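The values are calculated or read from the model by the stated rules, or taken from the named source; none is laboratory data. Note that this is a predicted model, so its numbers are computed, not measured. In this analysis, Cβ positions are derived from the backbone assuming ideal geometry, glycine residues included, and neighbour counts consider all displayed protein chains. The protein model used for the area step is the full one, side chains on, heavy atoms only, and it has no ligands, DNA or RNA in it. Shrake-Rupley method; radii C 1.70, N 1.55, O 1.52, S 1.80 Å.
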Amino acid sequence: MRSAHTVHDVRAAEAALMARLPEGALMQRAATGLAAVCAGVLGGAYGTRVVLLVGSGANGGDALYAGARLARRGASVTAVLLSPGKAYPDGLAALRSAGGRTTGDPAAGEELVRRADLVVDGIVGIGGRGGLRGAAVPLARAAAGSGAAVVAVDLPSGVDADTGEVAGEAVRADVTVTFGTHKPGLLVDPAAGFAGTVHLVDIGLGPDLPGPAVQALQHADVAALLPVPGARSDKYRRGVLGVAAGSARYPGAAVLAVAGALHGGAGAVRYAGSAAREVIARFPETLVSTGRPSQAGRVQAWAVGPGAGEDASARVALEDALASDVPVLVDADGLRHLKGLGRPARGALAGRTAEVLLTPHAGEAAALLDVAREDVEARRLEHVRRLADAYGATVLLKGSTTLVAAPGGGPVRANPTGTGWLATAGSGDVLSGLAGSLLASGLSAFDAGSAAAYLHGLAGRRAAGRDGAPFGAHELAGELPAAWRDVRGAAH
């Protein structure tokens, strides 16, 4: 599992560690790791042209010391100093002693960047707020327009380490070398989209770090969560999911949600709704009915809302499912009806003992919170936490980085799998069925949402293929068993 910590916690851990180390030792550890990654990106330093973009803080110091190491390996290294009078003095001395050069002329720096093989972004560290300013802007643009590989020190300059927000121009890196722990912004869009490939360099912070703010699961973590039937399992032990979805206008949503559930581990699926004929025609193993959820029979969880429409019957189905004593997943049209049932946390969800998992995209989350969609997309971490606390429910916020947050605090999980090809009609319906099946198996809403997002993303990658190609949501559902096998196989 990858863990990410806030700037405050990183600073505190660094201070505690520096108190036990000789002066400058921590920066040397960081610079050693940074130089090693840079040399690897270059395929060897000798004869290459390296440009360091150096700000006034310790971030610039890391770049200078790494540049000195590259210069000693035969690279031609020039540091462009954005604040010549404030550059880290010992780092400057090390670079010059190794044969490196410096310039305080931004225009000359832009030309150097255009001719470089590698550009190292040491402009702003993890304490930076807001976008790039002044001379840093044309230098970042020159780096983006050059043929050079761009390596960011700790995180790309101009992105917010804690929130993932990009409020202005920022460096777009090919590689980011981060120290001690990941930063939340490296795992969450939009900032994660500026980071490229992230390399974590261990500098010894581990013992001094508290619990993470953000986590990203990996194969072994998901494999440990997935339910595996035993010799004595039956369909009820594996989990029966109830699906209340679809309508006369959107019967396909019901079919796709059922597909996600059946391919996602459910022991059985009970369908309740007006698309029973379409569901049974595609999946004859489904137990179908046309009445309310409470009339469908025994289930361990409900998934409600995909394609349900806006009429009164959809609202009744939601109220009926929420009146049960089993976990409920609410998606799509169900979210619109949920908002109409009362004020957050004091409305339809108040007093429930079983968990609720909400699965909105940014627009639906914005409507639930009465904010602009653009605000949700710009500050995804902030809004997923707000939504979870406002409704007293676990929230899976879909998007370029899918996030899962439980109410009451704790780490947010950022999903690392997926592909842009998942932006296709019905993809979210499949996810609802998949996450619902994991809820029915007994996983918590937090774990069910996290594992479902991970498997859904892997299935999307498989459906798109190595070179990337469009696919339909029905094909996505068919890839879920293979994604499941990938995860379990890698764990063994």
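Rolling a 1.4 Å probe across the protein heavy atoms gives the chain an accessible surface of 39 Å² per residue.
Ignoring ligands, DNA and RNA, what percent of the 1.4 Å accessible area of the chain is carbon and sulfur? Of all accessible area on the chain, carbon and sulfur atoms account for 50 percent. Looking at the chain, the DSSP beta bridges with both ends there are about 15 percent antiparallel. Both radii are taken from the alpha-carbon atoms of the chain; with Rh as the Kirkwood radius, Rg/Rh is 1.06. The coefficient of translational diffusion for segment 94-227, derived via Stokes-Einstein from the alpha carbon Kirkwood radius under 25 °C and 0.890 mPa s, stands at 152 µm²/s. Taking the alpha carbon gyration tensor of segment 420-468, multiplying each eigenvalue by 5 and rooting it gives semi-axes of 22, 11, 7 Å, largest first.
Loop-located trypsin sites (Lys or Arg not before Pro) across segment 272-352 with a Cβ neighbour count of 15 or fewer within 10 Å are 298, 346, with loop assigned by DSSP. Counted by Cβ distance under 15 Å from residue 34, the other residues give a net charge of -1, where Lys and Arg count +1 and Asp and Glu count -1. Here segment 256-339 is treated as a Stokes sphere of Kirkwood radius computed over C-alpha pairs; at 37 °C and 0.692 mPa s its diffusion coefficient rounds to 255 µm²/s.
Each Lys or Arg adds one and each Asp or Glu subtracts one; over the other residues with Cβ under 12 Å from the Cβ of residue 486, this totals +3. Amide H contacts under 5 Å for residue 88: 61, restricted to partners 5 or more places along the chain or on a different chain, H placed in the peptide plane at 1.01 Å from N. Counting only the Cα atoms, segment 440-485 fills a convex hull of 76 Å³ per residue. Under 5 Å between amide hydrogens, built in the peptide plane, is the criterion, and for residue 401 it picks out 189 among residues at least 5 positions away or on other chains.
Taking the three principal axes of the alpha carbon atoms in segment 1-149, the coordinate ranges are 41, 37, 34 Å, sorted in descending order. Based on C-alpha pairs under 8 angstrom that are at least 6 apart in sequence, the chain has a relative contact order of 13 percent.
Set against the 2.2 N^0.38 Å expectation for a compact globular protein, segment 280-394 has a Cα radius of gyration ratio of 1.11. Within segment 1-53, the proportion of C-alpha pairs whose separation exceeds 14 Å stands at 69%. Taking the Cα atoms only, what angle lies between the long axis of helix 480-491 and the longest principal axis of the chain, rounded to 10 degrees? Roughly 50 degrees between the two axes. Principal axis extents of the C-alpha atoms in segment 37-120 (largest first, rounded to whole Å): 33, 25, 19. Its residues counted as N, segment 258-303 yields a C-alpha radius of gyration over 2.2 N^0.38 Å of 1.04. Both radii come from the Cα set of segment 159-307: Rg as radius of gyration, Rh as Kirkwood radius; their ratio Rg/Rh reads 1.18.
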